[in-house]
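Below: the structure, in structure tokens.
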Amino acid sequence: MSTDFDKDCIETLKLNPEYKDTKILHADLHEVESQLFTDRINEVPHEKFIVIGGAPCQPFSKAGYWITNKKRKGINDPRATLIDEYLRVVMDIRPDGFVFENVESLLHPTNKVIVDQFLDIAHENGYTCKVVRANALDYGVSQKRKRIFIIGTTGEFKSDAPKKTHCPPEMCAETGLKPYVNVAEVIAGYDGPEYFEPEEITEGGTYHEDLCEVPPGMNYKALTAWYGYENPKFVADKRFWSFLLKLSPDKPSWTITAQPGPWVGPFHWDNRRLRVPEIAAIQTFPKDYKFYGSRRSIQKQIGNAVPPLMGKAMIEYLKESLEDA
């Protein structure tokens, strides 16, 4: 069973055959009784089942730390209560395990009380938990994307953390892992005219000429005195770090965001905005995966998603703990 309060997300699930046998519910979790999940579980033959989910990350996002603490809502943001609702469902329906995802900043001192309370309740109800700080790069995703996962099991974890598959190239000989995946590799083939999107155009925009001067892999700071730029156009550290941020083809991508501003990257090294198939590929969605909604809605869906390869590693780690349970 899958549920979301965003109608476009629900329509996206319906478009993809992976969910053809899944009951899909468009609803706010605050208003969904746990019994509804229990009823669905009882309808489907199973030996074990798990719950996977996450709450909106905006109340805890590091991207908001440039705002003063006085202005930040933090744990008082009503969206934070979805963590309580997720935990309520887990405690009511008693899965064999669960995976909860959020931004790494949930562990910031301002927010850590939420994690501590989450773990206390889970432990009191018989779950062994691991808090996993993970970077998508380590699991074959061509993207620097740090997240935390709270993984709970009624079994026993077989190791301290999910198995990494990739590492920095200079460490491959020592670890036996594959090198990080460069972004040019995953978005190859999407640069043809058949994939053109009007939204990608930056020509004629306020900062197009500046974007063209930023070297691949850098941001606006390349045009500051800090970088030695003659006749600086900007002052270092006076803009958000992703302003005019550009990808480098021979490195992994920067984080794909859900709601980028007009001049917030990452931009393609060809001085354009990324196309939908490119951001989906960077997130490791299957090539034939379909999305429903406007360009803005689709960007939000992809940017809010856990990269499938990253999620797969976390779920396999949980499943391993349940094999003998």
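No value in this document is a laboratory result; all are computed from the given coordinates. Computed from a predicted structure; not experimentally measured. Every residue, glycine as well, gets a Cβ built from its backbone with ideal geometry; the counts of neighbours run over all protein chains shown.
General remarks:
- For the chain, the longest site-free run once GluC sites (Glu not before Pro) in DSSP loop states with at most 14 other Cβ atoms within 10 Å are removed: 48-155
- Relative contact order of the range 170-238, taken over Cα pairs closer than 8 Å and 6 or more residues apart, is 14 percent.
- Based on the convex hull around the alpha carbon atoms, the range 171-247 presents an average projected area of 8.0 nm².
- For the range 109-178, the dipole from Cβ point charges (+1 on Lys and Arg, -1 on Asp and Glu) about the Cα centre works out to 380 debye, to the nearest 20.
- About the Cα centre, charge dipole magnitude for the range 282-325 (Lys/Arg +1, Asp/Glu -1 at Cβ), debye: 580 debye
- Taking the C-alpha atoms only, the angle from helix 112-124 to the longest principal axis of the chain is near 20 degrees.
- Residue 163/residue 33 FRET efficiency (R0 45 Å; Cβ-Cβ; nearest 0.05): 0.75
- Chain lengthening between residue 94 and residue 131 when straightened (0.36 nm per residue, less Cα-Cα): 11.4 nm
- Convex hull of alpha carbon positions in the chain: directionally averaged projected area 18.9 nm².
- Full extension of the chain segment joining residue 110 with residue 226 gains 38.6 nm, where the gain is 0.36 nm per residue of separation less the Cα-Cα distance.
- The phi-based Karplus calculation (6.51 cos²θ - 1.76 cosθ + 1.60; θ = phi - 60°) puts the 3J(HN,Hα) values of the range 38-44 at 4, 4, 5, 4, 6, 7, 10 Hz, whole numbers, x for Gly and Pro.
- Between 0 and 90°, nearest 10: helix 295-304 axis offset from the chain longest Cα axis: 60 degrees
- Size descriptor, Kirkwood hydrodynamic radius, that averages inverse alpha-carbon separations across the range 227-325, Å: 15.9 Å
- Spin-label model, residue 208 to residue 235: label points 7 Å out along the Cα-to-beta-carbon direction sit 2.9 nm apart.
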